[in-house]
C-alpha cells in the first residue's frame, strides 16, 4: 500500500513547476529542487526531509476510509499509487491564487515567469533551475512587475499575500497546528483567497486531509455521480452552501475526504482529456 505512482501524482492538478527529463521528474518546491525517479526515490538540491510524497501516510487505512462507493473504488483502482503532495506552503498559496478562473497550462506559464523573474537561478544535475521567490522578494517588487508575468488581475493579490506572510499575519507553521475551521478563517483573509483556494492550500501544503477544494470539476462530479446525496440546486455556490456541502462530503467520505476528492478529480479530468503538467 506504500507504492507511489509519481507520474499520476504530479499530473493530478496539485503542482505545476515540474518537468520530466531522461526518466526523472524535476520539480521546484519553494527553495528546493526535487528529483524523483519512477519508483519514487528522491534526491534534492537542499538536503532536508519534507516527505513530499507523504510516504508516512497510512494508505491502507486512508483508502479503506474513502472507498465508500463504486465511483471512488473505480478511481482508486485506476490511479493506484497516486498521493496528495506536501508542498511548500508559500509556493502553494501563490499557485492557487493564480489558479482562479484559469487552467493548468496557463498556471504553469505564469509560475514559470514568476520564478524566472524573481527567483534565484541555480545549477544542479547539469541543468538550470529557478527557485520559487521568497515572500520577502514578492513583497518588495512592484505590482506592475508581478503583472508582467501574465497573472492579470491577480497581481495585487500576490503582492498582498506575500506581504501578509512577511508581516507574520500568515504563519504557515501555526496554520499547520490548528484546526481546519480556524485555519480556513485565517487564510480566507488573504485578498484573492476564497473557500476553494484556501482548501487547496490546506490540503496540499498544510496537512489538512479533510479539506475538499470545491471547484467546477468537483461540483460537476457531485452532480453526475451523487445527485441525491449532494443535491445542488443553484448555479453558483455561496460561502454558506460551500461549508454545508463540505460538511456533507466529510460525513460521507470521512476525515481523509481530500484524498477522495483528488481521485475523483483525476478520474473526471482524464475522461474529458484535459491537459496536465505533462501529458503521458
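I want to verify a result. In a Gaussian network model of the chain, Cα cutoff 10 Å, which of these has the top mean-square fluctuation: 200, 92, 188? With Cα springs under 10 Å in the chain, the top fluctuation among 200, 92, 188 is at 188.
Springs join every pair of Cα atoms under 10 Å in this Gaussian network model of the chain, and among 26, 157, 226 the largest mean-square fluctuation is at 226. Taking label points 7 Å from Cα along the Cα-to-Cβ direction, residue 240 and residue 49 give a separation of 4.7 nm.
Normalised by the residues of the range 156-277, what does the relative contact order come to in percent, with Cα pairs under 8 Å and at least six apart? Computed over the range 156-277, the figure is 21 percent. Compute the label zone of residue 113 within the range 12-36: residues whose backbone N is under 19 Å from the point 7 Å along Cα-to-Cβ. Those under the cut-off are 16-18.
Normalised by the number of residues in the chain, the mean separation of alpha-carbon contacts (under 8 Å, six or more apart) gives a relative contact order of 23 percent.
Where in the range 45-62 does the label zone of residue 121 land, with the point 7 angstrom along Cα→C-beta and an amide N cut-off under 20 Å? It comes to 45-46, nothing else.
In terms of packing, defined here as the mean over residues of other Cβ atoms within 10 angstrom, the peptides 4-16, 130-142, 32-44 line up highest first as 4-16, 130-142, 32-44. Computed over the chain with a Gaussian network model linking Cα atoms closer than 10 Å, the most mobile of 217, 25, 124 is 124.
Since every read-out is calculated from the coordinates, none of them should be taken as a lab result. The shown structure was predicted, so the numbers you read here are calculated from the model rather than taken from an experiment. So basically every Cβ, Gly included, is an ideal-geometry build from the backbone, and we count neighbours across all protein chains shown.
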